[in-house]
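Below: the structure, in structure tokens.
All of the numbers you see were taken from the coordinates with simple rules; none came from a lab. This structure is a prediction, so every number in the text was calculated from the model and none was measured. Cβ sites come from the backbone with ideal geometry, for glycine too, and all protein chains shown count toward neighbours.
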Amino acid sequence: MKIAFSAAGADLDAQVDPRFGRCQYFVIVDTDTMEFEAAPNSGATAGGGAGIAAAQQIAGKGLEAVLTGNCGPNAFDVLKAAGIKVFTGVSGSIKEAIESYKAGKFQSTAQPNVSAHSGMGRGRRKG
Amino acid sequence: MKEVVVLSGKGGTGKTSIVGSFAALAKNKVLADCDVDAADLHLLLNPELKDEHDFWSGEVAVIDPEKCTQCGLCQEICRFSAIDNYTVDASSCEGCGFCSRICPPEAITMKERYSGQWFISATRYGPLVHARLGIGQENSGKLVATVRQQAKQLAETQGIDLIISDGPPGIGCPVISSLSGASLALLVTEPTLSGIHDLERVLGVCRHFSVPALVCVNKSDINEENTHHIEKYCLEQGTEIAARIPFDNTVTEAMIHGKPIVEYSHNGVAHHIEKLWEKITGTLAG
Amino acid sequence: MILSVASGKGGTGKTLIATSLALSLKGRGKVQLLDCDVEEPNAHIFLKPVISGSEEVLIPVPHVDENTCTRCGKCAEVCAYHAIAVFGEYVLTFPELCHGCGACSYLCPEKAISEEGRESGIVEWGHSDTIEFAHGRLNIGEAMAPPVIRKVKELAHDNGTIIIDAPPGTSCPVVESVRGSDFCLLVTEPTPFGLNDLELAVETMKELDIPCGIVLNRAGFSDDKVEAYCRKENIPILLTIPLDTEIARLYSRGVTLAEGLPEWREGFVELYGKIWEIVDERSRCPQR
């Protein structure tokens, strides 16, 4: 069973990124074997519609669930259409989150938990 | 965390003067100036710049004259009339990239667009996040989102649970960006026909995005009949009037002295604003 | 001549100036007023026009024919706004993110995408006495004002005097409104906020290469920093209106200076004359 995390880094020790559309990486884990792959999120630098771009990137990967901090309405629509469950409010390291997920500690979300555009705001340091 | 955004629809109703006073009255908060187009809050708060960031957003088409064969296809397909005489008018270009994809000699590339700056400053009232949109730039909504996001991060790291935002006028992109997901909107209006008209529209936007709103009638005595009309309208809409603030030159005097009204004077207007702030904190707590 | 009335700061009196000027020019050729502040249009409150026509503003958004579509994903790849998502068997469109650039329908290899209009606002036109009038209204909840502004400007006559009432600020709706103007009148007030925002507006007009002049509203009460700035920047102050409770009361009732205090008409005619001179001189020596 494969699940994906919005992540701040590219391995299982990375923290879950609270932002779905603008997270740095997606870490996709097979919870049976604990094998994982990490891919940079193509939505992170999108001008607009980051959540849609991000969701589209992982929608075709045969996932059962996406675990993240917050998920906006557009990304939610895409994931829902792809039949992927969304779990929001997830934090801590990916390893910890996998354990909690296996233990059934999370409840899937029936609707987006933040409004559109809430994860924006990564400026670039000057110089 | 609670976030109050001050909006008005119509410009010049006194948003920033009121936010400046809230800055002085509220105990523990982060301030955010979401009017990135014509930011003024810093004029009252004397910020000390701590951190400065460039803001890049969206793209703009650039035509390489060396490669361009002047076939004119780009000009024909551009829906934004941004290409004329085989050059791109950056202020019209919406960055869709259509032209760059169809240009036969591949003479058009998309370049990242410098859209402004945002800042984190220290003020004696607490941290302030503010910004300056590049002249004539679009994407003001994204810059507003950046300001809010940074304000939230600051609040989280410093254990502050209140953000006060000074919003932009209007009802479009930057207003929606300032408003969506906020805990409460304070709508500052004035008893003029324009003020009433614009209040109705901005209240519609609050409703559209399900943000509860309170109304403040500023300069309430310049036209009592219109003030009465606003009261009646708000009653019908089930929106509470949180304050009626009479016209007073002290407001402008305080601005000229670069001070929040409540610090400049302790007369009527200052008292009304103090009451208004109590009302807001009560609403947020309730 | 196309004359825009703009300001950095909101609430400085743009609409009052634009409408008073339009009414003062009665009997001096064709005058048209275009209210381009489509987020909060107010000129109609002052001019009380008789509306004779209207048209919806439609953004062309994609409609995918799911039978013809092969889910190749080209449309999603070319959309800069991520208004289309393609994955597995699904094609989802997000019309509210679409800017209507047309790339997806043009580039779809199967020609499976047609365009349909999504209403984002409305434009209305009519007249007020001898003044031709048009304005636009952005629908509540819509983010993008420029398409509505463009539609209002399409209604501009090709001769006579066109007065554009612009939105406040310096961002894209302002640029869209004032673009192509022969002159821009910047309305400000002598306060620190007024000055700060005036400087931003002046920079915007410089960027667009539009000559500008100042109307100083609510003058006489506060400092003279705006005057000093204008002297330094060599921008003419073309009209000064004092801080006056009578004017404020008239404004609150939606009455222009031209009607409420007719002695102001002459001042507006003079203002127009000065603008005309500046534009005329500039047209004769464009390199200046």
Original post:
Can you give the extra length, in nm with one decimal, that the chain gains between C:GLU259 and C:TYR229 once fully stretched, where that is 0.36 nm per residue apart less the Cα-Cα distance?
Top reply: 7.6 nm
**OP:** Find the percent of Cα-Cα distances in the stretch C:124-236 that exceed 17 Å, and round it to a whole number.
**Re:** 60 percent
**OP:** State the Kirkwood hydrodynamic radius of chain B in Å, one decimal place, computed from all pairs of distinct Cα atoms.
**Re:** 20.4 Å
Subject >> Built amide H within the under 5 Å cut-off of B:ASN218, gap 5+ >> reply: B:THR189, B:GLU190, B:ILE245
Original post:
Looking only at the stretch B:82-98, which residues have a backbone nitrogen under 17 Å from a spot 7 Å from the Cα of B:TYR114 in the C-beta direction?
Top reply: B:90-91
Subject >> Cα gyration tensor shape for the stretch C:238-277, rounded if a/c is under 1.5, else prolate or oblate >> reply: prolate
**OP:** Please work out the C-alpha center-to-center distance from the stretch A:45-75 to the stretch B:84-143 and express it in whole Å.
**Re:** 24 Å
Subject >> In degrees, nearest ten, helix C:264-284 long axis to first principal axis of chain C (Cα) >> reply: 60 degrees
Original post:
Kirkwood hydrodynamic radius (Cα pairs, Å) of the stretch B:65-147?
Top reply: 15.1 Å
**OP:** Would you calculate, for chain B, the mean residue ellipticity at 222 nm contributed by helices, counting each DSSP H stretch of 4 or more residues as -39,500 (n - 2.57) and dividing by all residues, to the nearest 500?
**Re:** -11500 deg cm²/dmol
Subject >> Distance between modelled label sites at B:GLU76 and C:ASP129, nm, 7 Å Cα→Cβ extension >> reply: 4.9 nm
**OP:** With N denoting the number of residues in the stretch C:60-118, provide Rg(C-alpha) divided by 2.2 N^0.38 Å, to two decimal places.
**Re:** 0.96
Original post:
Across the Cα atoms of the stretch A:2-102, what radius of gyration and what greatest pairwise Cα-Cα distance (Dmax) are found, in Å?
Top reply: 11.8, 37
Original post:
What angle, in degrees between 0 and 90 and rounded to the nearest 10, separates the Cα long axis of helix B:193-208 from the longest principal axis of the Cα atoms of chain B?
Top reply: 70 degrees
Original post:
If you look at just the Cα atoms of chain C, how large are its Rg and its Dmax in Å?
Top reply: 22.1, 71
**OP:** Of the listed pairs B:LYS50/B:LYS111; A:LYS2/C:LYS74; B:LYS2/B:LYS152; B:LYS15/B:LYS219, which have alpha-carbon separations greater than 21 Å here?
**Re:** B:LYS50/B:LYS111; A:LYS2/C:LYS74
Original post:
So, in Å, what gap is there between the alpha-carbon centers of the stretch C:55-82 and the stretch B:17-36?
Top reply: 43 Å
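Among C:83-94, B:229-240, what's the highest-first ranking by average C-beta atoms within 10 angstrom per residue?
Values: C:83-94: 20.8, B:229-240: 14.3.
Per-residue Cβ counts within 10 Å, averaged per peptide and sorted highest first, yield C:83-94, B:229-240.
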**OP:** Could you calculate the contour length gain from C:ILE237 to C:GLU277, that is, 0.36 nm times the residue separation minus the distance between their Cα atoms, to one decimal place in nm?
**Re:** 13.0 nm
Original post:
Can you give the net charge of the other residues whose Cβ lies under 13 Å from the Cβ of C:LYS153, counting K and R as +1 and D and E as -1?
Top reply: -3
Original post:
Of the peptides C:111-118, B:131-138, how do they stack up when ordered by the mean number of other Cβ atoms within 10 Å, highest first?
Top reply: B:131-138, C:111-118
Original post:
In peptide B:129-141, how many Cβ atoms from other protein chains are near each Cβ within 10 Å, on average?
Top reply: 5
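Could you please report the charge total around B:ALA285, scoring K, R as +1 and D, E as -1 over all other residues with beta-carbon less than 12 angstrom from its beta-carbon? Can you show the working numbers first?
Details: positive: B:LYS2, B:LYS279; negative: B:ASP161, B:GLU278.
It works out to a net charge of 0.
Contact order normalised by length for chain B, with contacts defined as Cα pairs under 8 Å and 6 or more residues apart; what percent is it? Write out the running numbers ahead of the final one.
Values: 602 pairs, mean separation 77.3, N = 286.
The normalised contact order for chain B reaches 27 percent.
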Original post:
Could you give the distance between the Cα centres of the stretch A:80-115 and the stretch B:179-211, to the whole Å?
Top reply: 35 Å
Subject >> Between helix B:140-158 and chain B: long-axis angle, C-alpha atoms, 0 to 90°, nearest 10 >> reply: 60 degrees
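What number, rounded to the nearest 500 deg cm²/dmol, is the helix-based mean residue ellipticity at 222 nm of chain A, given -39500 (n - 2.57) per DSSP H run of at least four residues and division by all its residues?
Details: 3 runs with 28 residues, N = 127.
So the calculated ellipticity at 222 nm is -6500 deg cm²/dmol.
On average, how many beta carbons from a partner chain sit within 10 Å of the beta carbon of a residue in B:29-42?
4
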Original post:
Taking the simple approach of a point 7 Å from Cα along Cα-to-Cβ for both B:ASP54 and A:ASP32, what is their distance in nm?
Top reply: 5.0 nm
Original post:
For the stretch C:1-156, what are the per-bin percents of Cα-Cα distances with bins 10 Å wide, up to the bin holding the maximum?
Top reply: 10, 32, 23, 17, 12, 5, 0
**OP:** Springs between alpha-carbon atoms under 10 Å, Gaussian network over chain C: tell me which of C:ARG137, C:ARG28, C:ARG179 tops the mean-square fluctuations.
**Re:** C:ARG28
Original post:
Quick one: net charge of B:MET110's neighbours, Cβ under 14 Å, K/R +1, D/E -1?
Top reply: -3
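As a test of the definition: which semi-axes, in Å, follow for the stretch A:58-101 when you take the square root of five times each eigenvalue of its alpha carbon gyration tensor? Largest first, please.
On the way: eigenvalues 75, 31, 10 Å².
For the stretch A:58-101, the semi-axes come out at 19, 12, 7 Å.
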**OP:** Please average, across the residues of B:184-192, the number of beta carbons from any other chain that are within 10 Å of each residue's own beta carbon, and give a whole number.
**Re:** 2
Subject >> Amide H contacts under 5 Å for A:VAL90, placed H, 5+ residues apart >> reply: A:THR68, A:GLY69
Original post:
Over the protein assembly as shown, what number does the Rg to Rh ratio reach, with both radii from the alpha-carbon atoms and Rh per Kirkwood?
Top reply: 0.98
Original post:
Most mobile of C:CYS212, C:CYS172, C:CYS36 per a Gaussian network model of chain C (Cα springs, under 10 Å)?
Top reply: C:CYS172
